[in-house]
Amino acid sequence: MATADTAQAMFGSRTGAEAGRRGAPDPLDDAVRPPLHPSRWRRPYRIGGYRVGAATVLLALCPMLLLGSLLSYLAQSPVRAAVAAGIALVLVVLALRILRMGLYVSTRGVRRVRLLRTTKLRWHQVGELVVYQMPVRVLGTPRRRNGEAVALRRMSGGEPWEEIISSHNADFLSRTRKDDYRDAVAALFDWYRACTDR
């Protein structure tokens, strides 16, 4: 395992200014640069393609359901119309939730948004962040592949270690630029150090 003290050596701090000096554009520039409003929740990375794709598929089904709802209403079948409209509304809410899922940081703490619940911790409640290399879940499924992940240990209570970001989740699995994950980890550790003085 690697603690916050060794994360710098493993990943380095890759800010937009550093990327500019290397002459290579950094697609994470907006995500890792010092924020104008540090108390506002923000991702330390850009949203991934799998997450956007899943939300797009769900939203693409809504017009068909709404059309079916309209046709059912015109055919004097209000129950079917209401059911179709209700399913479309659920899909919209689900798509928006999928887009919101992920890890967020601010000066107030770290927040992890999952499909059915949101976990929020103040920085003083975070005991330690570690990076480990081992088989991780692919897109949250039971299937595992060799990869990397960042785990969080709380000061007291809760799970001893909680995985908060991995190289094979919906935000990083489809990335062609392998450094995107490492940039996100470096940005997360930068927030951790700045807000905890550790």
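Out of (1) exposed (fewer than 14 other Cβ atoms within 10 Å of the Cβ); (2) outside any loop (DSSP other than H, G, I, E, B); (3) free of Cβ contacts under 8 Å to residues at least 60 places away in the same chain, what's the single condition that is false for HIS124? Unmet for HIS124, out of (1) exposed (fewer than 14 other Cβ atoms within 10 Å of the Cβ); (2) outside any loop (DSSP other than H, G, I, E, B); (3) free of Cβ contacts under 8 Å to residues at least 60 places away in the same chain: (3).
Scan the stretch 66-75 and tell me whether some residue there is out of contact with any strand residue (DSSP E or B) (no Cβ under 9 Å at 6 or more places or on another chain), in contact (Cβ under 8 Å) with a residue 12 or more places away in the chain and closer than 26 Å to SER166 by Cβ. So far as the stretch 66-75 goes, no, none of its residues is out of contact with any strand residue (DSSP E or B) (no Cβ under 9 Å at 6 or more places or on another chain), in contact (Cβ under 8 Å) with a residue 12 or more places away in the chain and closer than 26 Å to SER166 by Cβ.
Look through GLN133, GLN76 and report the one residue that is among the polar types (S, T, N, Q) and in a loop (DSSP other than H, G, I, E, B). None of the other options fit; the residue is GLN76. The residues on offer are THR119, THR176, and the sole one that is assigned to a loop (DSSP other than H, G, I, E, B), surrounded by fewer than 17 Cβ atoms within 10 Å (Cβ to Cβ) and free of Cβ contacts under 8 Å to residues at least 60 places away in the same chain is THR176.
If you check ASP190, ASP183 for being among the acidic types (Asp, Glu), in a helix (DSSP H, G or I) and closer than 15 Å to VAL126 by Cβ, only one passes: ASP190.
Quick check: anything in the stretch 140-147 assigned to a strand (DSSP E or B) and in contact (Cβ under 8 Å) with a residue 60 or more places away in the chain? The answer is no, given that none of the residues of the stretch 140-147 is assigned to a strand (DSSP E or B) and in contact (Cβ under 8 Å) with a residue 60 or more places away in the chain. Residue-level analysis places SER13 outside the set of residues that are in a helix (DSSP H, G or I), out of contact with any Leu (no Cβ under 7 Å at 6 or more places or on another chain) and modelled with pLDDT under 95. When the stretch 148-173 is filtered for residues that are more than 27 Å from ALA95 (Cα to Cα) and part of a loop (DSSP other than H, G, I, E, B), the ones remaining, listed by number, are MET155, SER156, GLY157, GLY158, GLU159, PRO160, TRP161.
The values are calculated or read from the model by the stated rules, or taken from the named source; none is laboratory data. Nothing here was measured: the structure is a model prediction, and the numbers come from that model. Methodologically, a virtual Cβ is constructed for each residue, glycine included, from the backbone with ideal geometry; neighbour enumeration extends over all protein chains shown.
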